[in-house]
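Here the structure comes first, spelled out in structure tokens, and everything after it is commentary.
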Amino acid sequence: MELKAVLSVLGRDRKGVVATVATTLYEAGANIDDIQQTLLDDIFSMTMLVTVDEKVCGFNELQERLAKDSEKLGMQITLQREDVFHFMYKV
């Protein structure tokens, strides 16, 4: 089963952020469908739309892997199911 998810990364800019997150997604069998990043002074912000293949790696397991990246990088990394994300911000 595949599902869409929104991944966000926020924190002080440093080398290797995109590579670390992309590697984790690759190893989990997830695909990056779209990506946008911004740098404001030294604040790095990245948002990705990803497809998670739960036959390869479950959503919760991927969240745990990304939590390890978050600690390693010292940045906030959040993965939300796209449908939940849209519901949270529905006006």
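Remarks
- Each residue of the stretch 1-63 gets 67 Å³ once the volume of the Cα convex hull is shared out per residue.
- Full extension of the chain between Thr23 and Asp83 yields a length gain of 19.2 nm, computed as 0.36 nm times the residue separation minus the alpha carbon distance.
- For the chain, the solvent-accessible area with a 1.4 angstrom probe is 65 square angstrom per residue.
- Across the chain, the relative contact order, built from alpha-carbon pairs under 8 Å that are at least six residues apart, equals 43 percent.
- Estimated FRET transfer efficiency (Glu54, Gln76; beta-carbon r; R0 22 Å; 0.05): 0.35
- Restricting attention to the chain, the count of lysine pairs at 8 or more positions apart or across chains with alpha carbons under 22 Å apart stands at 6.
- Mean residue ellipticity at 222 nm, helices only, the chain: -11000 deg cm²/dmol; runs of at least 4 DSSP H residues each add -39,500 (n - 2.57), and the sum is divided by the number of residues.
The values are calculated or read from the model by the stated rules, or taken from the named source; none is laboratory data. None of the values given here were measured: they were computed from a predicted structure. Positions of Cβ are backbone-derived with ideal geometry, glycine not excepted, and every protein chain shown enters the neighbour counts. The area values use the complete protein model at the heavy-atom level, side chains included, leaving out ligands, DNA and RNA. Shrake-Rupley method; radii C 1.70, N 1.55, O 1.52, S 1.80 Å.
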